[in-house]
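**Q** Got a structure for you, questions after.
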Amino acid sequence: MSAGPGATDGGADGGGPEQFFTPDAGALDWDADLGLACTGASPSFTTSVAPILEGCSGGELCHGFPSPPYLYGQLVDVVDECDAGVIVSPGSLQGSYLLHKLTGIALCPKSEQMPPNRLLPQQDIQTIADWVCSGAPND
């Protein structure tokens, strides 16, 4: 297993930057199979991705993010919550922590799947994945 960008040793065992681990939350694994693949689609951030994120909290943007175009700057190449990598890494499914959060796979310690209390439809997660695959353009 390899560590994500900017990863540091997450344990006291001195075992190196292989994983972030706490007994109650599991490990952040940048090589984890997220169950996603690039389909070749190129969804627009403004017309396809932003509306999904706008609807994640009952009509409000996730975490109070401002509406597009400011939302883009809160996602792409921004350090994630456990300082292990970035929220969206253009072109990289596994390197985009947003996809870990949406799928609930290989999360940072003490983290939870988003959005809370409900799952996004798989079609919406795939739309975000395809946007990441296409380089996460700001369009």
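The values are calculated or read from the model by the stated rules, or taken from the named source; none is laboratory data. This structure is a prediction, so every number in the text was calculated from the model and none was measured. Heads up, the Cβs are rebuilt from the backbone with ideal geometry, glycines too, and the neighbour counts pull from every protein chain shown.
**Q** How many of the residues making up region 79-93 are more than 9 Å from the chain's Cα centre (by Cα) and modelled with pLDDT under 90?
**A** 6
**Q** Taking the condition of being in contact (Cβ under 8 Å) with a residue 12 or more places away in the chain, farther than 17 Å from residue 32 by Cα and assigned to a helix (DSSP H, G or I), how many residues in region 88-139 meet it?
**A** 5
**Q** Let me ask another. Got a number for residues in region 73-93 being of a type outside the set (A, V, I, L, M, F, W, C) and surrounded by 21 or more Cβ atoms within 10 Å (Cβ to Cβ)?
**A** 3
**Q** Here's another thing I want to ask about it. Would you call residue 128 closer than 17 Å to residue 80 by Cβ, under 11 Å from the mean Cα position of the chain (by Cα) and modelled with pLDDT of 95 or more?
**A** Here the answer is yes, as residue 128 does meet what is asked.
**Q** Go through region 98-112 and report how many residues are polar (S, T, N, Q) and either touching an Asp or Glu at 6+ places or on another chain (Cβ under 6 Å) or closer than 17 Å to residue 52 by Cα (or both).
**A** Qualifying residue count for the region: 1.
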